[in-house]
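Data block below; observations after.
Each reported figure results from applying straightforward, stated rules to the coordinates on display, with no laboratory input. For clarity, every value in this text was computed on a predicted model and none was experimentally measured. Using ideal geometry, Cβ is built from the backbone for each residue, glycine included, and neighbour counts are taken over all protein chains shown.
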Amino acid sequence: MNYSQIKKRLAPCGLHCGNCFAFADGDINKTSNKLRKSLGDFDIYAQRFVDLLDEPVFEKYGDFKKLLSYFASVDCKGCRNEKCKLFSNCNVRDCHKTKKVDFCYQCSEFPCDNTGFDEHLYNRSVTINSRIKEIGVEEYYNEIKDVPRY
């Protein structure tokens, strides 16, 4: 994957949008849709399996189905295309456009206090951007592309 393709998957803060549950073109969304389709009308059987298998876990199928439907229906286009749907206080998207940089590490003020992130996310973003600066965007993407985001 080349630099411009990677930018579609990595946010300016360095988080991997492609591995986010809200990303419309991400693995979680695609897998959730596939599982939802594969389960079909499992509701009927879930209730039957409570009795047939003496397995009370199937009583929770309704909650599972709601969460699965949520994962399958989210439609975020990524932080470079729209405001982040997860972190409402994020300032990185606007800042990177103003500063005309692709990633935070490319800014002369990196690291800064203008992210709007909580302490955990801020530290994660600084660590990610420092790593990108050290090894490059393509190498970083290859290093993390198959690693779960959460």
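Every residue, every condition in (1) out of contact with any Phe, Trp or Tyr (no Cβ under 7 Å at 6 or more places or on another chain); (2) within 27 Å of Lys97 (Cα to Cα); (3) surrounded by fewer than 17 Cβ atoms within 10 Å (Cβ to Cβ); (4) among the aliphatic types (A, V, I, L, M), yes or no:
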{"position": "Ala24", "(1), (2), (3), (4)": "yes, yes, yes, yes"}
{"position": "Asn29", "(1), (2), (3), (4)": "no, no, no, no"}
{"position": "Lys37", "(1), (2), (3), (4)": "yes, no, yes, no"}
{"position": "Val57", "(1), (2), (3), (4)": "yes, no, yes, yes"}
{"position": "Lys65", "(1), (2), (3), (4)": "yes, no, yes, no"}
{"position": "Ser69", "(1), (2), (3), (4)": "yes, no, yes, no"}
{"position": "Ala72", "(1), (2), (3), (4)": "yes, no, no, yes"}
{"position": "Asp75", "(1), (2), (3), (4)": "yes, yes, yes, no"}
{"position": "Lys83", "(1), (2), (3), (4)": "yes, yes, yes, no"}
Helices (runs of 4 or more DSSP H) wholly inside region 1-77 that include at least 1 residues being hydroxyl-bearing (Ser, Thr, Tyr) and over 26 Å from Cys112 (Cβ atoms): 27-39, 42-52, 61-73
Top-ranked residue of region 100-113 - restricted to ones that are assigned to a loop (DSSP other than H, G, I, E, B) and touching a residue at least 24 places away in the same chain (Cβ under 8 Å), ranked as surrounded by the most Cβ atoms within 10 Å (Cβ to Cβ): Phe103
Contacts under 8 angstrom Cβ, first residue in region 81-99 being in contact (Cβ under 8 Å) with a residue 40 or more places away in the chain and assigned to a loop (DSSP other than H, G, I, E, B), partner of a type outside the set (A, V, I, L, M, F, W, C) and surrounded by 13 or more Cβ atoms within 10 Å (Cβ to Cβ), 6 or more apart: Cys84/Arg93; Cys90/Thr115; Cys90/Gly116
